[in-house]
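Rule-based calculations on the coordinates, nothing more; no lab input. Given the structure is predicted, the values throughout are model-derived calculations rather than measurements. For neighbour counting, all protein chains shown are included, and Cβ atoms are generated from backbone atoms with ideal geometry for every residue, glycine included.
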Amino acid sequence: MKRFWLFFLFNLAVWGQNQYPRDYFRSPLDIPLQLAGNFGELRSNHIHSGFDFKTQQKEGLNVYAAADGYVSRIKISEVGYGKAIYITHPNGYTTVYGHLQSAVGAIEKLIKKEQYKGKSYEFDLTLNPTDLIVKKGDLIALSGNTGGSEGPHLHFEIRETQSEKIINPMYFGFDTLIPDERKPLLNSLWVYPLGENSVVNQSKRPISVNLSLQDDGTYIAEKIEAMGRIGFGITALDYDNVSWNANGIFRVNTFLNGKTDFGYQFDTFAFDETRYVNALIDYFRFKKLKQRVQKLFMESPYPLSLIHSGIDNGIVTVSSNMTQSYRIEISDFNENMVKIFVPIQYSVQSAKVNEVPITSKYLVKAQKENIFAQENVTVTIPANTFLDNFYMDFEVKNGIAIVHEDVVPAFANFSITFEDSIASEKDREKMFIGLGDGKKTVYYHTKRYKNSFTIYTKILGEYKLIKDGMPPKIKIDKKVGGKWISNLNELQFTISDDLSGIKTYDGYLNGNWILLEYDPKTKKLIHHFSDGIVAEGKNDLKVVVTDNVGNSTIFETQFFRSQKP
């Protein structure tokens, strides 16, 4: 074992000198690869950090170690990657396998041991290099749909071990497993007037631009008649030969009068950058119309390392006596490319479409701390929470704090504090601040000091101080009370809470803690008898579910079971 680890460290140093070995990693699946999501795809509040491999619309497919290494981390979560395994390899990279149904063999035994040791379904365990060694092609898990997954698939990542930066798997030879001869698809082109003196085609608001497809596959845009500072945006998708669903584009570059101007390429990035996807897109349009327009400029620079830019940050200044040519090139990893040519001409025009009028008196100054108060509510916005200044709608009405609308992205937490002078001390123990959209309430962890309640959030919207006096609900899916259930392999419950949400859940058989696996998507709690806690004959069952403000519900029953063949 010691000799293996010395060899491991030696190879780590050697491989660190070579970038992106193309034949080192194998596919984690033994079926033809198809993508449900690619690296760099733009998603809500984040950039997708790996590949989502389709698993034939089912769970339980074999998942294999992509190369020799050791299991360096196991994380089990109700959300995010769900059940996830991390394998560190001697070439300086770590592979990640997420949304698993279960691990297998020694890995699964360790997971169960850790869960029973900590009396918790969720845990995050870091392992030593000699604890769980795996070889390339070893079966490590079964594919699933756990965590934040919206359907059965395998999430697969490659990270640089030391920096933890995520790298596009295409660089490691996966492009040979996913053939792609198809050009990206351009859906729309947008132009943005930037600044109070800018006008584009008689509009001071962003407008779409008509496009004409040429015989050679390029596009020519209608002439842009403008004055002042302007920027462009696109909506575009990419397809490969085998996946048959739309994915994100790999690269976009712009050229002004033949010179490189602005662009980005989805090759590698760090996790602390990923929220800047909300600056890369037109966040207002996305929230209002669910259209992800990718902006090809920065009004205020932000630290997303994927971007390369000149001194003007992609902003084009249209002035008199100048006719400018603008070109956009959109490419996939295999260099399939679509080009858009945009003629720009200076024109003095009066706007027929003006900016949206400002009605708020609350100016958020992005570079400074802002504190706003009304009635019993105080909003504190630290400096640099937002990229740009904006007028924020702020009103307290019928106990609801209207803190603008979620159309301006925040990149750090700001706080909202409610003061309560009415509720009793007993009631305050059951109160929290929630974000509402008229249909449901989202619980926020609420810090309380006497009659003061505070949350930290990155989302603008409507907030309210809420009392939750209702306990959670527990329903056993198949009644077992007083019955022999030797033919069942598991106990299954449906749990729910109408306001603050589920915080903890614990089960006991004959006084012994049992593992309950929880899936918030389906609201299911499951205990597998294969864990070996169930007794021969009579069993007393107890399940306790508690919400986020301390309300609890206890379910108890008795059943009989034989483990004998």
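Sorting Lys430, Lys117 by the number of Cβ atoms found within 10 Å of their own Cβ, with the fewest placed first, yields Lys117, Lys430. A convex hull fitted around the alpha carbon atoms of the range 473-561 yields 85 Å³ per residue. The H on the amide N of Val364, modeled in the peptide plane, is under 5 Å from the matching H of Phe390, Tyr391, Met392, each at least 5 residues off or on a different chain.
Residues with beta-carbon under 12 Å from that of Lys259, excluding Lys259: net charge, scoring Lys, Arg +1 and Asp, Glu -1? Please list the in-between numbers first.
Values: positive: Arg327; negative: Asp261, Asp312.
It works out to a net charge of -1.
Once the other residues with Cβ under 11 Å from the Cβ of Met392 are scored (Lys, Arg +1; Asp, Glu -1), what is the net sum?
Working: positive: Lys361, Lys365; negative: Asp393, Glu395, Glu405.
Around Met392, the surrounding residues sum to -1.
Can you give the relative contact order of the range 243-342 as a percent, counting alpha carbon pairs under 8 Å and 6+ residues apart?
On the way: 143 pairs, mean separation 34.9, N = 100.
With pairs under 8 Å counted, the relative contact order is 35 percent.
The range 213-291: which chymotrypsin sites (Phe, Trp or Tyr not before Pro) are DSSP loop and have at most 13 other beta-carbon atoms within 10 angstrom? Show your work: numbers first, answer last.
Working: sites: Tyr219, Phe232, Tyr239, Trp244, Phe250, Phe255, Phe262, Tyr264, Phe266, Phe269, Phe271, Tyr276, Tyr283, Phe284, Phe286; in loops: Tyr239, Trp244, Phe250, Phe266.
Sparse-neighbourhood loop chymotrypsin sites (Phe, Trp or Tyr not before Pro): Trp244.
Each residue, Gln162 and Thr557, gets one label point 7 Å from its Cα in the Cβ direction; the gap between the two is 5.7 nm.
Remark on the chain: Rg and Dmax equal 27.7, 93 Å (Cα only).
Modelled spin-label separation between His308 and Phe271, with each label point placed 7 Å from Cα along the Cα-to-Cβ direction: 2.8 nm. Residue by residue through the range 229-239, which ³J(HN,Hα) values in whole Hz follow from phi under the Karplus form 6.51 cos²θ - 1.76 cosθ + 1.60 (θ = phi - 60°), with glycine and proline marked x? Rounded to whole hertz, the list is 8, 9, x, 10, x, 9, 10, 8, 9, 9, 10.
Using Cβ point charges alone (K and R +1, D and E -1), the dipole size of the chain about the Cα centre works out to roughly 1140 debye. Out of every Cα-Cα pair that the range 185-346 contains, those further apart than 24 angstrom amount to 32 percent. Cross-link pairs exceeding 28 Å between alpha carbons, from the set Lys467/Lys523; Lys83/Lys467; Lys75/Lys295: Lys83/Lys467; Lys75/Lys295.
With the radius of gyration and the Kirkwood radius both derived from the Cα set of the range 362-467, what is their ratio Rg to Rh? Walk me through the numbers on the way to the answer.
Numbers: Rg = 13.5 Å, Rh = 14.1 Å.
Rg/Rh for the range 362-467 comes to 0.96.
Rounded to the nearest Hz, the phi-derived 3J(HN,Hα) couplings of the range 312-324 under the Karplus curve 6.51 cos²θ - 1.76 cosθ + 1.60 (θ = phi - 60°) are 9, 6, x, 7, 9, 9, 9, 10, 5, 6, 10, 10, 10, where x marks glycine and proline. Cβ crowding within 10 Å ranks Ser530, Ser452 as Ser530, Ser452, fewest other Cβ atoms first. Farthest toward the positive end of the dipole of the range 2-176, out of Tyr97, Val134, Ile47, is the Cα of Val134, where the dipole comes from beta carbon charges about the Cα centre. Compute the label zone of Ala423 within the range 445-477: residues whose backbone N is under 19 Å from the point 7 Å along Cα-to-Cβ. Hits in the range 445-477 for Ala423 at 19 Å: 445-457, 462-472.
Dividing the C-alpha radius of gyration of the range 2-176 by 2.2 N^0.38 Å, with N its residue count, gives 0.99. Helices in the chain, meaning DSSP H runs of at least 4 residues, each add -39500 (n - 2.57). Divided by all residues, the mean residue ellipticity at 222 nm is -2000 deg cm²/dmol. Over the chain, Cα pairs under 8 Å with separation of 6+ residues give a relative contact order of 10 percent. 3J(HN,Hα) along the range 296-308, derived from phi through the Karplus expression 6.51 cos²θ - 1.76 cosθ + 1.60 where θ = phi - 60°, amounts to 9, 6, 10, 6, 10, x, 9, x, 10, 5, 5, 8, 10 Hz, with x in place of Gly and Pro. Electrostatic bookkeeping for Tyr239 treats Lys and Arg as +1 and Asp and Glu as -1; over the other residues with beta carbon under 12 Å from its beta carbon, the sum is -3. Calculate how steeply helix 105-118 sits against the longest principal axis of the alpha-carbon atoms of the chain, using the helix alpha-carbon long axis, and give the answer as 0 to 90 degrees to the nearest 10. Around 80 degrees separate the two axes. As I understand it, the value is the acute angle between the Cα axis of helix 2-15 and the longest principal axis of the Cα atoms of the chain; what does it come to in degrees, rounded to 10? Helix 2-15 and the main axis of the chain meet at about 10 degrees. Near the amide H of Gly501, within less than 5 Å, lie the amide hydrogens of Asn548, all on another chain or at least 5 residues away, with H placed in the peptide plane.
DSSP loop (so not H, G, I, E, B), at most 14 other Cβ within 10 Å: list which GluC sites (Glu not before Pro) in the range 323-426 pass both filters. The partial results should precede the final answer.
Numbers: sites: Glu329, Glu335, Glu355, Glu369, Glu375, Glu395, Glu405, Glu419, Glu425; in loops: Glu335, Glu355, Glu369, Glu375, Glu405.
Passing both the DSSP loop test and the Cβ count: Glu335, Glu355, Glu369, Glu375, Glu405.
Each Cα pair under 8 Å and six or more residues apart adds its separation to the average, and for the range 288-441 the resulting relative contact order is 15 percent. With both labels modelled 7 Å from their Cα along Cα-to-Cβ, the Val356 to Ile400 distance reads 1.8 nm.
Count neighbours as other Cβ atoms within 10 Å of each site's Cβ, and list the GluC sites (Glu not before Pro) in the range 456-561 that are DSSP loop with at most 16 such neighbours.
Working: sites: Glu462, Glu490, Glu517, Glu536, Glu556; in loops: Glu536.
In loop regions of the range 456-561 (DSSP not H, G, I, E or B), the sparsely surrounded GluC sites (Glu not before Pro) are Glu536.
Among 477-483, 211-217, 194-200, sorting by the average number of other beta carbon atoms lying within 10 angstrom of each residue, highest first, gives 194-200, 477-483, 211-217. If I stretch the segment between Ala366 and Asp23 completely, what's the gain in nm (0.36 nm per residue apart, minus their alpha carbon distance), one decimal? Here the segment from Ala366 to Asp23 would lengthen by 118.7 nm. In a simple Cβ point-charge model (Lys, Arg +1; Asp, Glu -1; nothing else charged), the range 362-467 has a dipole of about 380 debye relative to its Cα centre. Could you compute the FRET efficiency for Gln345 and Ser44, with r as their C-beta to C-beta distance and R0 at 41 Å, rounded to 0.05? Here the calculated transfer efficiency is 0.60. With a Förster radius of 22 Å applied to the beta-carbon distance between Lys119 and Glu78, the computed FRET efficiency rounds to 0.90.
For the pair Ser415 and Ala106, what calculated FRET efficiency results from E = 1/(1 + (r/R0)^6), where r is the Cβ-Cβ distance and R0 = 45 Å, to the nearest 0.05? Mind showing how you got there, number by number?
Working: r = 46 Å, r/R0 = 1.02.
E(calc), rounded to 0.05, equals 0.45.
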